[in-house]
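Here it is, the structure in full.
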Amino acid sequence: MKQDLEKLLEAAVAQLIEQQLLPAEINYRLQISDTKDKAHGDLASNLAMMLAKPAGKAPRELAEQLIAAIPENPVIAKTEIAGPGFINFFLASDNLGERLDSMLADERLGVPLKDSPQTVVIDYSSPNLAKEMHVGHLRTTAIGDALNRVLTFLGDNVIPQNHVGDWGTQFGMLLAFLEERKLAGEEPGSALSDLEEFYRRSKARFDESEEFADTARSIVVALQSGDADYLSAWQQFIDISLSHCQQAYDRLGVLLTREDVHAESAYNDDLEQVVNDLAECGLLKEDAGAKVVILEEFKGRDDKPQVVIIQKKDGGYLYATTDLAAVRHRVRQLKADRSLYVVDARQGDHFKQVFKVAEKAGFVPEHVSLEHIGFGTVNGKDGKPFKTRSGDSIKLSGLLDEAEQRAYDLVKEKNPELDEASLREIARVVGISSIKYADLSKNRNSDYIFDWDLMLSFDGNTAPYLLYAYTRINSIFAKGGIDPEELHGPIQLLHPKEQDLANHLIGLNFILQTVSERAMPHYLANWLYEISVKYSSFYEACPVLAAETEAEKISRLSLSALTAKCLATGLELLGIETLEKM
Ligand code: ARG
């Protein structure tokens, strides 16, 4: 509900700017708060008071203008100006009970399929296969998968693309080392069982021996020009690395499979054509032997136009060249209407350049949108990127092990009489969801601090809190011997806590639209947290099984069933498993 209002108020401000009633460059932080006394409305905002000064107006006058500029909507029933210039909002609770009844009766919880569904390509996870997946891959994998789920639920045709890095110069080094180890009698399988270790040893050889480095470089050339032996050794390496990734996806409950892998190497044969097409449309320039595109629209630090290298002097292609080929594949073969790239914000310039070159070269039809869905860094408690004590990157598999172990200790402490198998299963779900939820609940544009204690806490906006809230509602049904599927309302909203919860539950559709438009799963996470908190205050104030009348009991049970259904659906759309008992 707050988010609905936020959007409406933002629209009102935009309208006043357009009418020149507010200055164009205005900075403000929208705040919407719950009112203390519901007689004065459900929510309130101090926006008019905040903007009065820059607008050069009296706050109450501005409040009136803002109210007049709020678009037509089904959310607000009434507004009032209070005190020095607060705007109070009374939310529309007309037939809210009935609307919740139909939500409860509907498998899709009243969320319609999109009128014009799109084909959406989502590039996510996309690790480099030379190394094992590490903590840095968590965000792209968790966020991309949540977007995959939400957009699919809304009716889009989602095509995931795991754009794994399998074709860089590093593979020459790894293959050279693999060859050396084989000659030394080592089994390739066992040499590769720990990819991280293998990478480290190869790199050490590369740095210590000029001769080894030369061999590595010549292997890359041989590999990329199709040498059958190197290709088959490389394939073996890639297979092992991909199976490591798949293990991580399965553990994380991520939808990605081998089918979704469309590796960098798959674009190898298209690269020459990309270069030719860029030359043909007159974009390609020579710069010290390299083939480049100069982008006048972007300036570098020295105020010179940015230069995108497409092909190096030695004929080698770059990361950007492959991405240009990928843009075309997604548009032409996959028929994308929307193409999302869930990749670290630090690659922002890369994508800006690739998208611009693609647009100028006519690779992207007008109706297609290319969107870099950037995200911040996962930091340690010191505020620096999360690393091991020795400064190495943290392996994802180890991180997941630790999450499960910590959850195990926690659950065992709370519930010592649980049998071992249940304990392990609960710990698995709690551990994995804590890591994922901690990530998904943050605005993706910000960095965040990886903190075990916070993410595993049973209080606050965490997975354990939400999972527990869900099991608690289930236990009401269990206790009453009631099948929630049998509940159909009518939901009657008599108590303010019931109304408060109801006003929030009705917002699901809006929240999912917002997640889809802005590609920001944290809106859904925060909505789930808020319904849990509101449910909990409702439950404290309103007896359910011990309600005074049968009608009241049915109504409150139905409201509980709807809350549980919303929690289960919402968590599933985030890619988070629920537990029936905890
Ligand atoms: N492999 C790259 C990395 O680990 C990410 C690839 C993202 N996708 C893309 N189309 N460039 O940094």
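The values are calculated or read from the model by the stated rules, or taken from the named source; none is laboratory data. Predicted model, so just to flag it, every value in this text is computed and none were measured. Counting neighbours? That spans all protein chains shown, and the Cβs are built from the backbone with ideal geometry, glycine included.
Here is a check on your reading of the model: is residue 456 under 31 Å from the mean Cα position of the chain (by Cα) and of a type outside the set (Phe, Trp, Tyr)?
When the stated conditions are applied, residue 456 passes them.
Output yes when any residue across the stretch 122-133 is within 13 Å of the ligand (Cβ to nearest atom), modelled with pLDDT under 95 and over 26 Å from residue 217 (Cβ atoms), and no when none is.
Yes, that holds for at least one residue.
Looking only at the stretch 311-332, which residues are farther than 13 Å from residue 267 by Cβ and touching a strand residue (DSSP E or B) at 6+ places or on another chain (Cβ under 7 Å)?
Listed by number, the residues that qualify are 311, 312, 313.
Can I ask one more? Could you give every pair whose Cβ atoms fall below 9 Å, whose first residue belongs to the stretch 331-359 and is farther than 29 Å from residue 378 by Cβ and without any contact (Cβ under 8 Å) to a residue 24 or more places away in the chain, and whose second residue is within 12 Å of the ligand (Cβ to nearest atom) and among the aliphatic types (A, V, I, L, M), counting only separations of at least 6 or pairs across chains?
Short answer, once both residue conditions are applied: 359/370.
May I pose another question? Could you count how many residues in the stretch 142-167 are within 15 Å of the ligand (Cβ to nearest atom) and not in a helix (DSSP H, G or I)?
9
May I pose another question? Of all residues in the stretch 430-451, which are part of a helix (DSSP H, G or I) and not small (Gly, Ala, Ser)?
Within the stretch 430-451, 430, 432, 435, 436, 437, 439, 440 qualify.
Looking at the stretch 281-296, I want the residues that are over 17 Å from residue 317 (Cβ atoms) and touching a residue at least 24 places away in the same chain (Cβ under 8 Å) and have a partner that is loosely packed, with under 14 Cβ neighbours inside 10 Å and of a type in the set (Gly, Ala, Ser) with Cβ atoms under 9 Å, at least 6 apart or on another chain. Which pairs are those?
Note: pairs meeting the criteria are 281/362.
Is there a residue being within 16 Å of the ligand (Cβ to nearest atom), in contact (Cβ under 8 Å) with a residue 12 or more places away in the chain and within 24 Å of the chain's Cα centre (by Cα) anywhere in the stretch 300-319?
yes
Among the residues of the stretch 120-129, how many are touching a Phe, Trp or Tyr at 6+ places or on another chain (Cβ under 6 Å) and assigned to a loop (DSSP other than H, G, I, E, B)?
Number of matching residues: 0.
Pairs under 8 Å by beta carbon, first residue in contact (Cβ under 8 Å) with a residue 60 or more places away in the chain in the stretch 161-189, partner within 11 Å of the ligand (Cβ to nearest atom) and of a type in the set (Lys, Arg), six or more apart or different chains?
161/330
Could you grab me the full set of residues in the stretch 357-373 that are under 23 Å from residue 310 (Cα atoms) and surrounded by fewer than 18 Cβ atoms within 10 Å (Cβ to Cβ)?
The answer is 359, 360, 362, 365, 369, 371.
What residue, among those in the stretch 92-106 that are at pLDDT below 95 and over 11 Å from residue 491 (Cβ atoms), is surrounded by the fewest Cβ atoms within 10 Å (Cβ to Cβ)?
For the stretch 92-106, the residue satisfying everything is 94.
Sticking with this structure for a sec: List the helices (runs of 4 or more DSSP H) inside the stretch 452-525, counting only whole elements, that have at least 3 residues being buried (at least 21 other Cβ atoms within 10 Å of the Cβ).
463-480, 496-505, 508-518
Is it fair to say residue 139 is at pLDDT 90 or above, crowded, with 16+ Cβ neighbours inside 10 Å and within 13 Å of the ligand (Cβ to nearest atom)?
yes
Then there's this: Would you confirm whether any residue within the stretch 28-44 is over 35 Å from the mean Cα position of the chain (by Cα), surrounded by fewer than 13 Cβ atoms within 10 Å (Cβ to Cβ), at pLDDT below 90 and among the hydrophobic types (A, V, I, L, M, F, W, C)?
yes
Then there is this: Taking the conditions exactly as written (surrounded by fewer than 16 Cβ atoms within 10 Å (Cβ to Cβ) and not in a helix (DSSP H, G or I)), does residue 547 satisfy them or not?
Answer is yes for this residue.
Please find, within the stretch 69-93, the residue that is nearest to residue 506 (Cα to Cα) out of those that are in contact (Cβ under 8 Å) with a residue 40 or more places away in the chain and in contact with a Phe, Trp or Tyr (Cβ under 8 Å, 6 or more places away or on another chain).
Filtering the stretch 69-93 for residues that are in contact (Cβ under 8 Å) with a residue 40 or more places away in the chain and in contact with a Phe, Trp or Tyr (Cβ under 8 Å, 6 or more places away or on another chain), the one nearest to residue 506 (Cα to Cα) comes out as 76.
Let me ask something else about it. If you take the residues in the stretch 168-199 that are outside any helix (DSSP H, G or I) and either β-branched (Val, Ile, Thr) or touching a strand residue (DSSP E or B) at 6+ places or on another chain (Cβ under 8 Å) (or both), which one is surrounded by the most Cβ atoms within 10 Å (Cβ to Cβ)?
168
Residue under question is residue 391, and the condition is that it be more than 22 Å from residue 140 (Cβ to Cβ), touching a residue at least 60 places away in the same chain (Cβ under 8 Å) and not in a helix (DSSP H, G or I); does it hold?
It is false that residue 391 is more than 22 Å from residue 140 (Cβ to Cβ), touching a residue at least 60 places away in the same chain (Cβ under 8 Å) and not in a helix (DSSP H, G or I).
Determine which single condition residue 119 fails, assuming it passes every other condition in (1) away from the ligand (no atom under 16 Å from the Cβ); (2) touching a Lys or Arg at 6+ places or on another chain (Cβ under 8 Å); (3) modelled with pLDDT under 95.
(3)
Can you pull out the residues in the stretch 328-368 that are assigned to a helix (DSSP H, G or I), near the ligand (Cβ under 10 Å from one of its atoms) and among the polar types (S, T, N, Q)?
Once the filter is applied, which keeps residues that are assigned to a helix (DSSP H, G or I), near the ligand (Cβ under 10 Å from one of its atoms) and among the polar types (S, T, N, Q), the stretch 328-368 yields only 347.
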